[in-house]
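A quick write-up on the structure given underneath.
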Amino acid sequence: MIDLRSDTVTRPTAEMKRAMVEAPVGDDVMGEDPTINLLEEMVADRLGKEAALYCCTATQANQIAVRVHCTPGDEALISDTGHIGVYEGGAPAALSGVSIRQVEAARGMLDVAALEGLPWPDNCHHPRTRLVCLENTTNLGGGYCYPLPQLEEVTAWARGAGLKSHLDGARLFNAAVATGEAPRAIAAGFDTLTLCFSKGLGCPMGAALAGSREQIRLARRARKIMGGGLRQGGIVAAVAVYALEHHVDRLAEDHARAARLAEGIRCLPGLAIAEDSPQSNLVFIDLDPAWGKPEDLVSRLREREVLVGKAGSRRLRAVTHLDVGDADIEAAIAAFCAVLR
Ligand SMILES: *Cc1c(COP(=O)(O)O)cnc(C)c1O
């Protein structure tokens, strides 16, 4: 099976398994896991922030950020396709008493024009608008990368409006590699950032939250409350250390394969892929309703040993990752051609 459903389906490589076996470990709740401490220093350094916190998942890291920045009754602004609003089980409300205001955003990317005027005035009738959350690359928005100036404008606007800003950078390294911008430059304007190790970096689990020393101190407390206090977590953090050193630059290969897949199927009847995409490892494929339903195409492709995901009532998503090679992409293109031509 060629599995293009998600970049979360990767299995650890032999080198990653070796890194796990050899990892020095200790009790992280006591601050004594040398591998987690190393990973947190590496993440803080790569993102140019004072500190970082290893988390179980990117969802957990995002929700810790919501909790650190907000108090119950507060409101967070986010694009209408943002993961924190649509894919995290209503967690801002469930865990932190925070309401989400979804802002319509082309390609999942917010700009100042869309945000201006949205924060409520300080008045007891309104929720207190406290946080703006961005996503880079966008996921459901279409796998797009923010232009750096747009990030700078939005974070400067947020500061001016008295809001905190959080970047859901589950695929931040994809954005950095695709645009050629330094991760530190992407991170610079944000109060906090989430990174995910179990997406393109290929780890079995794990994520990180980065921010100021004080925010990460509060985040450590929030993580404990959410049941994420780790003991000898270095056994898995070791894989993230390995991935930061070995699996970042190679994301360019995933992007090239996504582009090749799009090129190979874009002209098939019944399909459309936005002209300005793919920009990263996510290929969104719009299906003409005259052909049928996305789930029908999913099952026809499955018969040909290619797995893709449904991403809406007319959309499919194909994702390239560490376990997909050039030959797999050619085979996937052939399967699409066989089904649609
Ligand atoms: C996958 C994803 C997450 C959540 O990651 P988990 O580690 O699966 O919780 C958060 N944000 C975005 C944009 C994602 O794509």
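Evaluated against (1) within 16 Å of the ligand (Cβ to nearest atom); (2) surrounded by fewer than 20 Cβ atoms within 10 Å (Cβ to Cβ); (3) polar (S, T, N, Q), ASN281 falls short on exactly one condition, (2). Against the test of being farther than 17 Å from ALA178 by Cα, without any contact (Cβ under 8 Å) to a residue 24 or more places away in the chain and of a type outside the set (Gly, Ala, Ser), the options VAL298, VAL239 yield a single qualifying residue, VAL298.
If I ask for residues that are crowded, with 16+ Cβ neighbours inside 10 Å and part of a helix (DSSP H, G or I), which ones from segment 79-117 would you list? If the condition is that a residue be crowded, with 16+ Cβ neighbours inside 10 Å and part of a helix (DSSP H, G or I), then HIS83, ILE84, GLY85, VAL86, ALA91, PRO92, LEU95, SER96, ARG107, GLY108, ALA114, LEU115 are the ones that fit. A count restricted to segment 83-95 and to residues that are more than 9 Å from the ligand (Cβ to nearest atom) and either over 28 Å from ALA106 (Cβ atoms) or charged (D, E, K, R) (or both) stands at 2.
Across segment 51-82, the qualifying residues are those that are more than 14 Å from the ligand (Cβ to nearest atom) and among the β-branched types (Val, Ile, Thr), and the one among them that is farthest from THR138 (Cα to Cα) is THR71.
Of all residue pairs spaced 6 or more apart or on separate chains, those with beta-carbon atoms under 6 Å, a first member in segment 83-112 that is on the phi > 0 side of the Ramachandran plot and a second member that is more than 13 Å from the ligand (Cβ to nearest atom) are GLY97/PRO72.
Within segment 166-212, being within 11 Å of the ligand (Cβ to nearest atom), among the small types (Gly, Ala, Ser) and either more than 20 Å from VAL324 (Cβ to Cβ) or without any contact (Cβ under 8 Å) to a residue 12 or more places away in the chain (or both) holds for GLY169, GLY206, ALA207, ALA208.
Readers should treat all values here as calculations from the given coordinates under stated rules, not as data from a laboratory. These figures come from a predicted structure and were not determined experimentally. Note that we place each Cβ from the backbone using ideal geometry, even for glycine, and neighbour counts take in every protein chain shown.
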